[in-house]
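Derivation of every value follows stated rules applied to the coordinates shown; laboratory data play no part. In this text, all values refer to a predicted model and were calculated from it rather than measured experimentally. Quick reminder, even Gly has a Cβ in these numbers, built from the backbone with ideal geometry, and neighbours come from all protein chains shown.
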Amino acid sequence: MGCAYPRGSTHVTPVPAGHSTSGEAPPDIYALRIIEGAFPDKMISGLPWDDDGTGPDPFVRLYIDGRLVWESDPIENQTHPEWNVELDRNIRVHPKSQFRLEVWDFDSNVSANPMGHIERTGLPGNALPGAIARLQLDNKASMTVLVSQPRAQRGVGVEYEIHPDAIKVLAVQPYSPAARAGLKVGELIVGIGPERVAHLSDKEAASRLSLASERGNKLAVTNAEGKSERVVQMDTGHLWLVY
């Protein structure tokens, strides 16, 4: 039987307000808050939203380039639902990206009815950073959102698997100290600062990796076969989590 190795992610902490500037952020990423919606009292057909005569149970789906990146919880029996929730990661919307926001009426875990959508190339024209925007959907409905400057975090930006003598890199966040240093999926971290991973407990190895960027510790890294060791130096810049 194979051995199950512990897996985890390096720690992420928010950057306090005022400690990052828009000039530090990568281009085309934004924070997004879904504020509220406004829908007709009945469906376009004139029928009630639900068979029992109650209002719809709307929830939101957001797609970027055809990929579902976020889905809200439904709000029961509301034609004017208020979510007022900021997505827990930034969104990346290039000028040529397909931005699609859909609203659905929840019926069950396997059934939902469409309530409206908006689809644009790039962000909708009135969704300017720092301004509340009312997005007109395709069925006399609307959604209100707030696009703002992206949120910054502190962290290395690595998902990993701890082996007895190395930490295997499973994923690297694209806008992170690890990515900017050239760390790659599949590589093995065999040293953190002056310590070899083989001499650390699993907990110590995970903690030291999470603090390596902040402390300025260099990483000793090999390829997946444990050969061609090189030294990686990460910067102390921000981590920008995106969907």
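Details
- On Cα atoms only, tilt of 202-215 relative to the major axis of the chain in degrees: 80 degrees
- In range of the label at Gln136: residues from region 35-73 whose backbone nitrogen is under 17 Å from the point 7 Å along Cα→Cβ: 38-40
- For the pair His11 and Arg230, a Förster radius of 25 Å applied to the C-beta separation gives a FRET efficiency near 0.50, rounded to the nearest 0.05.
- Candidate cross-link partners of Lys168 among the lysines, defined by an alpha-carbon separation under 21 Å and a same-chain spacing of 8 or more, comprise Lys184, Lys203, Lys218, Lys227.
- Projection of the Cα convex hull of region 27-148, averaged over all directions and equal to a quarter of that hull's surface, yields 7.3 nm².
- Furthest towards positive pole of dipole, Leu170, Ala212, Val185, structure part region 145-243, Cβ charges: Ala212
- Stretching Asp51 away from Ser108 to a fully extended chain increases their span by 19.2 nm, per 0.36 nm per residue minus the current alpha-carbon distance.
- Around Tyr63: net Lys/Arg minus Asp/Glu count, Cβ-Cβ under 9 Å: 0
- Given charges at beta-carbon only (K, R positive; D, E negative), |dipole| of the chain in Debye: 1280 debye
- Selection among Gly125, Phe106, Thr54 by position relative to the dipole of region 50-162 gives Gly125 as farthest towards the positive end (Cβ unit charges, Cα centre).
- Approximate spin-label separation Lys218-Met43, in nm, with each point projected 7 Å along Cα-to-Cβ: 6.6 nm
- For region 107-159, the fraction of C-alpha pairs farther apart than 12 angstrom is 75 percent.
- Length added when fully stretched, Lys203-Leu128, from 0.36 nm per residue minus Cα-Cα: 22.6 nm
- DSSP beta bridges confined to the chain are antiparallel in about 100 percent of cases.
- Annotation for region 131-149 versus region 62-86: alpha-carbon center distance of 12 Å.
- Put simply, the C-alpha atoms of the chain give a gyration tensor, and the ellipsoid matching it has half-axes of 44, 20, 14 Å, longest first.
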